[in-house]
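Enquirer: One structure, as structure tokens, below. Some questions next.
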Amino acid sequence: MKGSDDALYEAFKSKDTRFDGRFFVGISSTKIYCRPVCRAKQAKRENCTFFSSAAQAEAAGFRPCLLCRPELAPGNSVADARSMLARKAAAFLEENCGSGQNLPKIAEQLGCTDRHLRRVFMEEYHVSPVQYLQTCRLLLAKNLLTDTCLSVLDVAMASGFGSLRRLNELFQKHYGLSPTALRKKAAQGKTHAQEVTVGMGYRPPYRWEKMLEFLAQRAIPGVETVKAGCYMRTVCIMDRNGRKNCGWVCVKNDPEKNRIMATLSDTLVPVLPQILARIRRLFDLHCSPDAINETLQSMNDVSPCLWEPGTRIPGCFDSFEMSVRAVLGQQITVKAAGTLAGKIAKTYGTPVSTDIDGLTHLFPSAEDISALSDNIEECFGVLGVIASRSRCILALAQALTDGRIRLDLCADPEMEIKKLLQVKSIGNWTARYIAMRTMGWTDAFLETDAGIKKALPSYSEKDLIKLSERWSPWRSYATVSLWNSL
């Protein structure tokens, strides 16, 4: 975070949640570093050093505070054009900290050279990508040691260290204590042996009920469900060795501590970083409400209550699954599209045991659907999917399988939209909607959408486009807020 040290110290004193995750404070008298919302005794100004990232604080020799727990701090939005590449790289490192990928491979995923990536990353975070990756692993391990009952060996493997020895060595070097000693200091995890619960912070406000309402309306029967204030779903993710890890996740809000709690079956521990990254994307935890509110509060000048602070973009947990759901939803009701998606999951997905009522199947992967190529119209036709939609879903599955289309946070939304539009039966609305939800694109506006027209009935499509320009680069949030206003 930019700004004078005096201004940052004032922000630190205020404990304002808007600054959480934007900078960290190293305390020279204790050699620990804190989030700006830490409730420990206020440190003196002369003892404070300010850092843009947890990795930078650790590189300077500071240890994470056991009270405010820097590993729970929310991240930064990827919508900042100046630092978008570095932010995308950071998100990729967080998600793949257990994958073992080297920097040239990561740079290739981001469409740049490793030299350029090092340069922009150092400018943004003041540490190298390798140092940032190491801090991601250490903070994830610290989170698991504090909040779960996982063995220290399981923590080491889930955090991407590869061995217990390496975890012990780096913990001792950076934090001055062993993983076992940290566990003894922390409160013991309260989860059952068959599940793991991890917290992830966000910046308030957060319209949690509206998020759940959106997801509930679009939940795929057998795959997702929303009950008692919780979002639950089945999961299948490949680990670094190509093994499928299947299970379930349950996500709920903890508004008193400005975090969401994700509980997952212990079968998913080997792919924990990927699970947490997908949950962050689904629930838009990197959002910066104050910056968005500054731009979108002008929506209320058009009509009262169009904009509500705390609105988030519903992301997705699985890009292919969400894209299929979007294609099925063309020109039919939301409920009907969910019914068709449920039939596809039940017929071509994999049965899974979850002990959660309503969660029975894994949604088929792009590879699973690609294997139906010779008979796709017949296979989907008996389920009620029309031929053009069946062919569209097959083409999308094949494009994702062979890498011609990418639907992830590292992709360029505008470039991928052009590729999506080349798939027959995918139009502008569907392409931009998919980009908004799968790639975290913050500037999508759907002027042809029936809900948008209903929320702003006196505007033509041309007028809507012109009106939306004043809401850039946060038009995706404006779109969701218009839906919520109905």
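The values are calculated or read from the model by the stated rules, or taken from the named source; none is laboratory data. Computed from a predicted structure; not experimentally measured. With ideal geometry, Cβ positions are generated from the backbone for all residues, glycine too; neighbour counts draw on all protein chains shown. Surface accessibility is based on the protein's heavy atoms, side chains included, excluding ligands, DNA and RNA. Shrake-Rupley method; radii C 1.70, N 1.55, O 1.52, S 1.80 Å.
Enquirer: If you roll a 1.4 Å probe over region 306-391 with all protein chains in place, what percent of the accessible area is carbon or sulfur?
Expert: Carbon plus sulfur share of accessible area: 51 percent.
Enquirer: Under 4 °C and 1.567 mPa s, how fast does region 368-470 diffuse according to Stokes-Einstein, given a Kirkwood radius computed over C-alpha pairs? Answer in µm²/s, whole number.
Expert: Here the translational diffusion coefficient equals 85 µm²/s.
Enquirer: Just the number please: accessible area per residue for region 386-486, 1.4 Å probe, all protein chains included, in Å².
Expert: Details: 4420 Å² over 101 residues.
Ligands and nucleic acids excluded, the result is 44 Å² per residue.
Enquirer: A further question on this structure: Which of the pairs K142/K173; K173/K257; K31/K142; K13/K184 have their Cα atoms more than 19 Å apart in this structure?
Expert: Beyond 19 Å between Cα atoms: K173/K257; K13/K184.
Enquirer: Give me the dipole magnitude in Debye, nearest 20, for the chain about the Cα centre, with unit charges on the beta carbon: positive for Lys and Arg, negative for Asp and Glu.
Expert: 1000
Enquirer: Right, here's the next one. With unit charges on the beta carbon (Lys/Arg positive, Asp/Glu negative), name the residue among A89, P104, M157 whose Cα is farthest towards the positive pole of the charge dipole of region 83-173.
Expert: Selected residue: P104.
Enquirer: At a Cα cut-off below 30 Å, give the lysines reachable from K453, other chains included and same-chain residues fewer than 8 away excluded.
Expert: Straight-distance partners of K453: K210, K335, K418, K419, K424, K462, K466.
Enquirer: Given Cα positions, please report Rg to Rh for the chain, the hydrodynamic radius being the Kirkwood one.
Expert: Radius of gyration over Kirkwood radius for the chain works out to 0.96.
Enquirer: Another question about this same structure. Among P304, A60, L482, flag the residue with its Cα farthest along the positive direction of the charge dipole of the chain, charges on Cβ as +1 for Lys/Arg and -1 for Asp/Glu.
Expert: A60
Enquirer: Further, regarding this structure: Over region 37-170, what is the relative contact order in whole percent, taking alpha-carbon pairs under 8 Å and six or more residues apart?
Expert: 26
Enquirer: Still on this structure: Under a straight-distance cross-link criterion of Cα-Cα below 17 Å, which aspartates and glutamates are reachable from K44, leaving out those fewer than 8 residues away in the same chain?
Expert: D5, D6, E10
Enquirer: Can I ask one more? Straight-line reach from K343: which aspartates and glutamates have Cα under 16 Å away, leaving out those fewer than 8 places along the same chain?
Expert: Once the sequence-local aspartates and glutamates are set aside, what remains near K343 is E224, E321, D368, E377, E378.
Enquirer: Quote the accessible area belonging to E294 in square angstrom, nearest 10, computed with a 1.4 Å probe and with ligands, DNA and RNA left uncounted.
Expert: Number for this one is 140 Å².
Enquirer: For Cα pairs less than 8 Å apart in space and 6+ apart in sequence, what is the mean separation divided by the residue count of the chain, i.e. the relative contact order in percent?
Expert: After rounding, I find 12 percent.
Enquirer: I need the Debye-formula profile for region 292-394: one equal scatterer per C-alpha, no solvent, reported as log10 I(q)/I(0) at q = 0.14, 0.18, 0.24 1/Å, two decimals.
Expert: Each listed q maps to, in turn, -0.66, -0.86, -1.31.
Enquirer: Over all distinct alpha-carbon pairs, what is the Kirkwood Rh of region 391-449 in angstrom? Intermediate values should be presented prior to the final figure.
Expert: On the way: mean 1/r = 0.0872 Å⁻¹.
Taking every pair of different Cα atoms in region 391-449, averaging 1/r and inverting gives 11.5 Å.
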